[in-house]
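Contents: one structure, followed by commentary.
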Amino acid sequence: MLFLLAVITITASFDGGSVGEVKQVAPAHLRCGVKGQADQNNRNRQANWYYLRLDSLPREQVRIDLVNLAGEYNFRPGALSVTRNSRPVYSYDGERWIHFTDAQVEWDNAEPCLTLRFTPERPAMWIAHVPPYTKRHLTLLLDDFPRSPNLRREVIGRSVNSREISLLTVTDASVPRERKDVVWLMARQHAWEAGTSWIAEGALRFLLSDSPEAAKLRRSVIWKILPMIDPDGVASGAVRFNANGYDVNRNWDAVDERLMPEIAAARRAIFAWLDSDRRIDLFLALHNTESADFIEGPLAQGGEPVRTLASRFAHALARTASFYATGPPRDAGLSTTPGMKGRMTVNQALFHERNIPAFLMETMVDRNPKLGRPRTTEDNLAFGAELVRAMAASLPPAR
Ligand SMILES: [Zn+2]
């Protein structure tokens, strides 16, 4: 009685949503293209952001094939960002996200294709690569601290599509700045990396909390947090390039106010800080990747002080519940593609131009061996607090 089966519909026309071409193979079997995104020269395609809503689901097993996954990374073709180890998340309310289990996921290396098989518990659900984090989440977070004397909010610029780029400062203003260290934390240069926003939210909630430990960290440190560098990409469900196709964590050596206003705004805010006779003792840009937790920084060029800082940071991170580093901190080098303009990351450029001890941190979205599961939203929020403690612990002893 095929005509009695409702047709499953798939939509992604909401904040952060993304899906490519959808084909119905059978009433309960759909092939969903992952839209992917390429850069301004149609290179470096990355296909690992999908965030879709399914409606009219039957009470029987549904099969979703995620396809069109092939990509390129740093000009090397054949890169896959959805792999056999990817475990997408689903939600019935758009708020609480659960990872698909190993038994629900199958990988076909030949196509390649990631197949999900599950029996829906309700007629509507959402599926995404990782738990989404959009502007709405950031607004709700800041609404929780409407009149905090320890939080200052600034708009430092606007994206290609005129969205606000925010800078948050957390510190105890009653302590003179000369006695404080300065830490900068940047999240969401890459739109798909929603995990970095959950970590930044955890960091911010901890720093603004009533705990005596947080109060101490507000007295001893000025925390500068850039929570969402590519708001256009977050809103449009993009992957890693701004609305004009520029990678927001490359191009720091080729900044163009018109083509990449997000980089220009962040760079201006950071340099204005330094030019007003202020320091940066530690800078960290947060990123997500598939299967590794690590930090990288200017170890080779920065000499002993940077290596000591990196080592203290790595030791502090090793004590956290979820940072799973399989090796020591990595050297960032001068560029991601030596000899080519437009290939410097924020941490590479800040050290190159101003000798800032600037680091990048990757946290994995696949199963984390230390946790025994892929990081959940709760894991990321908890790690945000641990990260703040680790950064403070890695700073040189009081000068
Ligand atoms: Zn990234």
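The single condition among (1) small (G, A, S); (2) within 16 Å of the ligand (Cβ to nearest atom); (3) more than 19 Å from P132 (Cβ to Cβ) that S211 does not satisfy is (2).
Pairing residues of region 185-202 that are on the phi > 0 side of the Ramachandran plot with residues that are near the ligand (Cβ under 9 Å from one of its atoms) and hydroxyl-bearing (S, T, Y), at Cβ distances under 7 Å and at least 6 apart in sequence or on separate chains, gives R188/T196.
Taken over region 157-210, residues that are in a strand (DSSP E or B) and either assigned by TED's automatic domain parsing to the domain that holds G36 or more than 30 Å from G36 (Cβ to Cβ) (or both) amount to 8. Answer yes or no as to whether P305 is in a loop (DSSP other than H, G, I, E, B) and out of contact with any strand residue (DSSP E or B) (no Cβ under 9 Å at 6 or more places or on another chain). No: the conditions fail for P305. Of the listed requirements (1) surrounded by fewer than 16 Cβ atoms within 10 Å (Cβ to Cβ); (2) of a type in the set (A, V, I, L, M); (3) at pLDDT 95 or above, V7 misses just one: (3). Can you tell me which residues in region 49-79 are part of a strand (DSSP E or B), in contact with a His (Cβ under 8 Å, 6 or more places away or on another chain) and not aliphatic (A, V, I, L, M)? Once the filter is applied, which keeps residues that are part of a strand (DSSP E or B), in contact with a His (Cβ under 8 Å, 6 or more places away or on another chain) and not aliphatic (A, V, I, L, M), region 49-79 yields Y51, R63, D65. Among the residues of region 99-144, those identified as in contact with a Phe, Trp or Tyr (Cβ under 6 Å, 6 or more places away or on another chain) and surrounded by fewer than 18 Cβ atoms within 10 Å (Cβ to Cβ) are Q104, R122. Within region 239-268, being out of contact with any Phe, Trp or Tyr (no Cβ under 7 Å at 6 or more places or on another chain) and within 15 Å of the ligand (Cβ to nearest atom) holds for F241, N242, Y246, V248, N249, R250, N251, W252, E262, A266.
Conditions tested, residue by residue: (1) under 30 Å from P88 (Cα atoms); (2) in contact with a strand residue (DSSP E or B) (Cβ under 8 Å, 6 or more places away or on another chain); (3) touching a residue at least 60 places away in the same chain (Cβ under 8 Å).
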| position | (1), (2), (3) |
| --- | --- |
| F118 | yes, yes, no |
| I127 | yes, yes, yes |
| L140 | yes, no, no |
| L168 | no, yes, no |
| R179 | no, no, no |
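Can you find a residue that is under 21 Å from S86 (Cβ atoms) and part of a helix (DSSP H, G or I) anywhere in region 351-358?
no
Residue count for region 96-133, restricted to those that are under 21 Å from the mean Cα position of the chain (by Cα) and assigned to a loop (DSSP other than H, G, I, E, B): 8. For region 293-315, the criterion of being polar (S, T, N, Q), surrounded by 14 or more Cβ atoms within 10 Å (Cβ to Cβ), within 16 Å of the ligand (Cβ to nearest atom) and in contact (Cβ under 8 Å) with a residue 12 or more places away in the chain is satisfied by no residue at all.
Scanning region 121-170 for residues that are small (G, A, S) and either over 29 Å from Y246 (Cβ atoms) or at pLDDT below 95 (or both) returns A124, S148. Filtering region 281-292 to residues that are within 13 Å of the ligand (Cβ to nearest atom) and not in a strand (DSSP E or B) leaves E290, A292.
In the set (1) surrounded by 20 or more Cβ atoms within 10 Å (Cβ to Cβ); (2) on the phi > 0 side of the Ramachandran plot, the condition left unmet by N355 is number (1).
The values are calculated or read from the model by the stated rules, or taken from the named source; none is laboratory data. Just so it is clear, the model here is predicted, and its values are computed rather than measured. Glycine gets a Cβ as well: all are built from the backbone with ideal geometry, and neighbour counts include every protein chain shown.
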